[in-house]
Amino acid sequence: MKRRNVFLFFFLPFLGVFFFFSLASFLGQADLKRRTEALVRDQLAATAGILRATVSHFLDEGRSPDGILDSILSDKDIYFVALLDADKNVLAWNSRYEGYLPISLREARDEESGIIDSPAGKIFSELSAVARPNEERYYLYLGYALTGMEEMIALSRRTSLLLSGLILLAGALFFRGLFQLQSRYMAKSREAETERLEKERFREISAFTSGVAHEIKNPLNSLSLLFELLLKKTPPEAKGGLELGKVQVQTIARIIDRFSSAVKPVRLVSSIFFLDDVVRLAAGNLAAEDPEASTRLRIETEPGVRLSGDGELLSQALLNLLKNAMEASSSTPVWVEGRRNKKRVEIRVRDEGPGIPPEAVARVFEPFYTTKDKGTGIGLFLANKIVEAHGGTIEARSREGEGSEFRIELPGA
Amino acid sequence: MSNKAVVLRFLAVLVAGAAAAQPGGQFYNVDKEVRIEGPVREIILEPRYKGTAPFLVLGVEDSASAKRYNVEVSPSWFFGQDIHGGEKVKVVGSLSETPRSVPTIIARELQLRGETFKLRDKRGFPNWQGGPQRKRGIRRFGSS
């Protein structure tokens, strides 16, 4: 899926959900504020009613205005209170803050309430008449703190912000993970596509090489037979040149065989066999090809380790590694070690030669890549191909001046 | 600080003791805002509201009417400025008059040496008080 599509299918719905959540949260807060204000208004009305009744009672008792306010003021939520006469002159007042009694007698109307925004927070104010049995008339001016409401709204806002933050964070984490997943998927797709193209190319090369090999080998066979016939009919003093020609033709045929086998797909003839046998077979083939080199071979294998696969092909792969190691170290020993490692089988071929340059280590298993003057770049490529066909891995480690190590890991039987 | 200012401050301390017994009580009446301008004639420190620190009160002679006013500024700790007798001030505040005493102005803004000091908001809320977090008990009252 392309990034644009990911955006359309995931990110936009997320934004929509977030938008609706924010809208619902905003409306919820507005509703909460409205309800709380109504609640506070009711509470203030009730408080004012009680206070008015109390004031009326104290007036009946003949208490002074100051004395009355002294008696009724104890509620911490009352910021200020004033007792006014019939002409709205302030008879007595009381405030939590020095000289603060925000009343405009010019504008004040009976039973009028309002909200005053002060640095100490919102204050709900109300001017109401005190009911008296006689003709006397008094007013009570009350300022009630809305800190409870503000705290509740602030708490609601904080909770909403926290939830929004959490949603955003979760969304960010989700999309980060999604994008990472998608990037990984894209990388894998690209890798798979490259691999597919590589295989395609390899198949084409393989078909082409097989065709060429076939076409060359036919005349080579004829040439070889011709050399055989000529050798039989040629006097002994002239045979040397013909022998050389025959050997060269055979060399060409061998090289073509190797190239052909390198490009052909590996077909396993599977069986169960012992690791020891594979190593011994490879060592025997090495001895047959290069008796001097085989004297430098040191074998250390764990007995009784069983493998499943094509033993002959594996010995071929091992032989290629051994030949490579022998060529790399002209006089020092070459070690072959084999052992079981949990469910896997490990084979190491180690030499004490000059080592492989770092830039070459990564390429040693590429076809036709070689650092040797007379190398074909087929041996290690073929070894890798055979090991991979067995579900195993092969890796090269080397340090210049300290030798190299090739490690094969195969599934155990 | 001039000698005159030092003397005024000394007098202020003396007056503060005597003024402690005076009943406080004016509130900031938004309907009675006035502006005056004139020299400081007296500097007084006296308690104005029950349970509070002494207030700085300036005796100011209005240049326009030659009338004397007591200007209630703020708690002395809040108004952290040097002030000297004879210095000119401009005051915006709420006027409170009683028949037998010097009229008092609760200052909202005070201009001194070209600098304006905001002492209360337009409804008279004192600027030396904290915001909503600062909860205090009711302890100041008075009668008009």
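Values quoted throughout were computed directly from the atomic coordinates according to the rules given, and no laboratory measurement underlies them. No experiment lies behind these values; they were computed from the predicted model shown. We place every Cβ from the backbone using ideal geometry, glycine too, and count neighbours over all the protein chains shown.
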How far is helix A:311-328 tilted, in degrees, relative to the longest principal axis of the Cα atoms in chain A, given as a value from 0 to 90 rounded to the nearest 10? 90 degrees
Amide H of residue B:121 versus every other amide H placed in the peptide plane: which residues, excluding those fewer than 5 positions away on the same chain, fall under 5 Å? B:127
When the charge dipole of chain A is computed with +1 on Lys and Arg Cβ and -1 on Asp and Glu Cβ about the Cα centre, the Cα farthest towards its positive end, among A:15, A:225, A:333, belongs to A:225
Calculate one ³J(HN,Hα) per residue across region A:221-233 by plugging θ = phi - 60° into the Karplus curve 6.51 cos²θ - 1.76 cosθ + 1.60, and present them in order as whole Hz with x for glycine and proline. 4, 4, 5, 5, 5, 4, 4, 4, 5, 4, 4, 6, 9
Please list the non-local residues whose amide H lies under 5 Å from the amide H of residue B:108, H modeled 1.01 Å from N, same-chain partners needing a gap of 5 or more. B:92, B:93, B:94
Long-range amide H partners of residue A:307, meaning residues 5 or more apart or on another chain whose placed amide H is closer than 5 Å, are A:273, A:274, A:275, A:413
Whole-number D in µm² s⁻¹ for the protein assembly as shown, Kirkwood Cα-pair radius fed into Stokes-Einstein, 10 °C, 1.306 mPa s: 46 µm²/s
What is the gain in length, in nm to one decimal, between residue A:183 and residue A:156 on full extension, counting 0.36 nm per residue of separation less the C-alpha to C-alpha distance? 5.8 nm
Provide the per-residue ³J(HN,Hα) series for region B:100-111, in order, calculated from phi with Karplus coefficients 6.51, -1.76, 1.60 and θ = phi - 60°, each as a whole number of Hz, with x at glycine and proline positions. 9, 9, 5, x, 10, 10, 8, 6, 9, 9, 10, 9
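Treating only the Cβ of Lys, Arg, Asp and Glu as charged (+1, +1, -1, -1), what charge dipole size does region A:185-261 show about its Cα centre? Round to the nearest 20 debye.
Numbers: 13 positive and 11 negative charges, 31 e Å.
Dipole magnitude for region A:185-261 comes out near 140 debye.
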Over its alpha-carbon atoms, region A:158-278 yields an Rg and a Dmax in Å of 31.4, 110
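Which value, in debye to the nearest 20, describes the size of the charge dipole of region A:306-413 about its Cα centre when Lys and Arg Cβ atoms bear +1, Asp and Glu Cβ atoms bear -1, and nothing else is charged?
On the way: 16 positive and 16 negative charges, 91 e Å.
Here the size comes out at about 440 debye.
Could you give the dipole magnitude of chain A about its Cα centre, charging the beta-carbon of Lys and Arg +1 and that of Asp and Glu -1, in debye to the nearest 20? Write out the running numbers ahead of the final one.
Working: 55 positive and 56 negative charges, 488 e Å.
Using Cβ point charges on Lys, Arg, Asp and Glu, chain A gives about 2340 debye.
Using only helices, what value at 222 nm comes out for chain A when you add -39,500 (n - 2.57) per DSSP H run of length 4 or more and divide by the total residues, to the nearest 500 deg cm²/dmol? Write down the numbers at each step before the final one.
On the way: 10 runs with 226 residues, N = 413.
Theoretical 222 nm ellipticity from helices: -19000 deg cm²/dmol.
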Positive end of the dipole of the protein assembly as shown, charges at C-beta (+1 Lys, Arg; -1 Asp, Glu), about the Cα centre: which of A:78, A:367, A:271 has its Cα farthest in that direction? A:367
Using R₀ = 30 Å, calculate the FRET efficiency as 1/(1 + (r/R₀)^6) where r is the Cβ-Cβ separation of residue A:15 and residue A:192; round to 0.05. 0.35
With contacts defined as alpha carbon pairs under 8 Å and 6 or more residues apart, what's the relative contact order of region A:185-261 in percent? 38 percent
Calculated from backbone phi, Karplus (6.51, -1.76, 1.60) coupling profile of region A:331-343 in Hz, x at Gly/Pro: 10, 8, x, 10, 9, 10, 10, x, 7, 8, 10, 6, 8
Return the distance in nm (one decimal) between the two label points of a simple spin-label model at residue A:267 and residue B:116, each offset 7 Å from Cα along Cα→Cβ. 10.3 nm
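Between residue A:30 and residue A:113, what is the FRET efficiency for a Förster distance of 35 Å, r being their Cβ-Cβ separation, to the nearest 0.05? Could you put the intermediate results ahead of the total?
Numbers: r = 20 Å, r/R0 = 0.58.
Computed FRET efficiency for residue A:30 and residue A:113 comes out at 0.95.
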Plugging the Cβ-Cβ distance of residue B:53 and residue A:173 into 1/(1 + (r/R0)^6) at R0 = 60 Å yields, to the nearest 0.05, a FRET efficiency of 0.65
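With an 8 Å cut-off on Cα pairs and a minimum separation of 6 or more residues, tell me the relative contact order of chain A in percent. Walk me through the intermediate numbers first.
On the way: 527 pairs, mean separation 39.8, N = 413.
This gives 10 percent for chain A.
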